[in-house]
């Protein structure tokens, strides 16, 4: 499963992100909230366009008109206490409702894959703040339970140490940002020296591990973190992943349902989806 994810799913997502970077990459120049509102609104628009142009709108409009007429006839039959007419109208309403539901559901099936890719792109590009020059960030290496000793951070011209280069591999005390039980870790602080893309490089047990970090003065995107190298090894004493502790682009609040960027994105997409449905006259 891990091989499938790293060798098939991730390369496919990276390829699908390329056209989205062309179309939506300009939003990274804006504040995170504004960018998420824009992408959420465009998602709501995309959902309605799929619904409008991949469905038989004329048929759906006829179904809605027929259902409205059946409601009027059922009201008349109920007043006349005509049980036979009520039963026939109820059966006819179920058949028309089923046809309407299927006609409206088919374009939704086509819209699910691209909308999921857009949501994943949004999380990848807008969920965390990008690294700026002179910013100090925390680097965390995660290890298997049998790992011990020391891990070494290897600096370069873009990433400078802001503390010791050598860190012990041990289960640390809980710190802000930690969730759940802690695994053996090594932790460093580093400083981004200048603009560009530079590797955070860690060496452990004669193996070298890298996590590339984009650094930009304005705009840009956050590093793809964490980077997982192994889920498990035969010796149970190796490095599993490198992680950067970056700042969330949107803190949890009531207006994003405590779900940070995801809550804001889905709320805006849902509101715009409903509002644009009337504007675009989607059945």
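The values are calculated or read from the model by the stated rules, or taken from the named source; none is laboratory data. Because the structure is a prediction, the values reported are computed rather than measured. Note: ideal-geometry Cβ built from the backbone for every residue, glycine included; neighbour counts use all protein chains shown.
Note on segment 127-151: among residues that are surrounded by fewer than 16 Cβ atoms within 10 Å (Cβ to Cβ) and closer than 19 Å to residue 233 by Cβ, the one that is nearest to the chain's Cα centre (by Cα) is 145. Can you find a residue in segment 79-93 that is touching a strand residue (DSSP E or B) at 6+ places or on another chain (Cβ under 8 Å) and farther than 30 Å from residue 52 by Cα? There is no residue in segment 79-93 that is touching a strand residue (DSSP E or B) at 6+ places or on another chain (Cβ under 8 Å) and farther than 30 Å from residue 52 by Cα.
Pairing residues of segment 181-204 that are free of Cβ contacts under 8 Å to residues at least 40 places away in the same chain and assigned by TED's automatic domain parsing to the domain that holds residue 164 with residues that are surrounded by fewer than 21 Cβ atoms within 10 Å (Cβ to Cβ) and part of a strand (DSSP E or B), at Cβ distances under 6 Å and at least 6 apart in sequence or on separate chains, gives 197/212; 197/214.
You will find that of 275, 270, the residue that is more than 20 Å from the chain's Cα centre (by Cα), surrounded by fewer than 19 Cβ atoms within 10 Å (Cβ to Cβ), touching a residue at least 60 places away in the same chain (Cβ under 8 Å) and outside the structural domain of residue 147 (by TED's automatic domain parsing) is 275 and no other.
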